[in-house]
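Please read the structure below before turning to the comments.
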Amino acid sequence: MHVKLIPVAAAADRDVFEGTTAVVFDVLRATSTIVTALAAGYRRIYPVAEESAALALAHKHGYALAGERGGRKIPGFPHGNSPLEFWPGDGKESEALVLTTSNGTGAIQMASGAARVLTGSLLNARAAALAALKEGRDILLVCAGTGGAFSLEDALGAGFVLAELIRATGETPPMDDLAMAAYRLSIFYGNDPLGGLLDSRHGQRLLALECEDDLRWCAQLNKFNIAPVFMHDHIYVP
Ligand code: MLT
């Protein structure tokens, strides 16, 4: 098993996904929100890159709808992309949620050529690592990035998953230098994951948008024991 890290999903060559297990990270905030909403009771989440397609899908089936652009809720959408909008849930989340975000939902779709696509975050780092291990393939840690640029928080999420994987196996797998850098990053911020999120550019932007509670939420390591899978057009907990 070999581990590689893709720093910006949108810049990746689609061929690299073939035959791998991909773990996709948009730690601030799409994959953290997805993990939270599924843990709160939603059965399926449809990640949609385009705003108009998200609207059409939600209206057609009567699904819940959430989305952001530039960190702000899309005007007219009932929900934004804050994980706290979905936690603890009100018991009515039995069906589906359509989510469109600036980078994360596109990154998940980008990874769809992988043999298995998992959703990673700090919230479910251990569960994502164990699920990836169980697949027994080479692993691609896919960072969404922000606006086509590398994002510290996604690399940190990837590093924490890699750290859990190493803890579980007791071995350091062969990996590329980007994956090693992410692993070392997780050690640097091991006692202070929130500090890592606050050091990131997007973390600072969310702080300016008064989303500090979201940062605190997304910084919780291993809060949930679920490893959501993206298959066909939606994400679910197997
Ligand atoms: C994204 O997809 O770029 C993010 O999740 C943005 C955010 O809501 O913070």
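Observations on the structure shown:
- Failed item, numbered, when Glu51 is tested on (1) more than 16 Å from the ligand (Cβ to nearest atom); (2) open to solvent by 20 Å² or more (accessible area, probe 1.4 Å): (1)
- Flag for Leu185 being surrounded by 15 or more Cβ atoms within 10 Å (Cβ to Cβ) and either within 16 Å of the ligand (Cβ to nearest atom) or not in a helix (DSSP H, G or I) (or both): no
- Positions within the range 190-204 being more than 16 Å from the ligand (Cβ to nearest atom), free of Cβ contacts under 8 Å to residues at least 24 places away in the same chain and assigned to a helix (DSSP H, G or I), in sequence order: Gly195
- Filter result for Gly145 (open to solvent by less than 10 Å² (accessible area, probe 1.4 Å) and on the phi > 0 side of the Ramachandran plot): yes
- Of all the criteria given as (1) open to solvent by 80 Å² or more (accessible area, probe 1.4 Å); (2) in a helix (DSSP H, G or I), the one not satisfied by Glu210 is (2).
- Picking from residues in the range 54-93 that are acidic (Asp, Glu) and under 20 Å from Phe25 (Cα atoms), the one that is surrounded by the fewest Cβ atoms within 10 Å (Cβ to Cβ) is Glu85.
- Taking the range 7-32 as the range and being β-branched (Val, Ile, Thr) and either in contact with a Phe, Trp or Tyr (Cβ under 9 Å, 6 or more places away or on another chain) or open to solvent by less than 10 Å² (accessible area, probe 1.4 Å) (or both) as the test, the residues that pass are Val8, Thr21, Val23, Val24, Val27, Thr31.
- Of all residues in the range 66-95 being out of contact with any His (no Cβ under 7 Å at 6 or more places or on another chain) and hydrophobic (A, V, I, L, M, F, W, C), the one that is farthest from the ligand (Cβ to nearest atom): Trp87
- Note on the range 118-164: residues that are more than 16 Å from the ligand (Cβ to nearest atom) and assigned to a strand (DSSP E or B) amount to 4.
- Answer residue from the range 205-238, given it is within 16 Å of the ligand (Cβ to nearest atom) and closer than 18 Å to Ala163 by Cα and is farthest from the chain's Cα centre (by Cα) among those: Ala219
The values are calculated or read from the model by the stated rules, or taken from the named source; none is laboratory data. Every value quoted in this text rests on a predicted model; they were computed, and no experiment measured them. Note that each Cβ is placed from the backbone with ideal geometry, even for glycine, and that neighbours are counted across all protein chains shown. Surface areas here come from the heavy atoms of the whole protein model, side chains and all, with no ligands, DNA or RNA. Shrake-Rupley method; radii C 1.70, N 1.55, O 1.52, S 1.80 Å.
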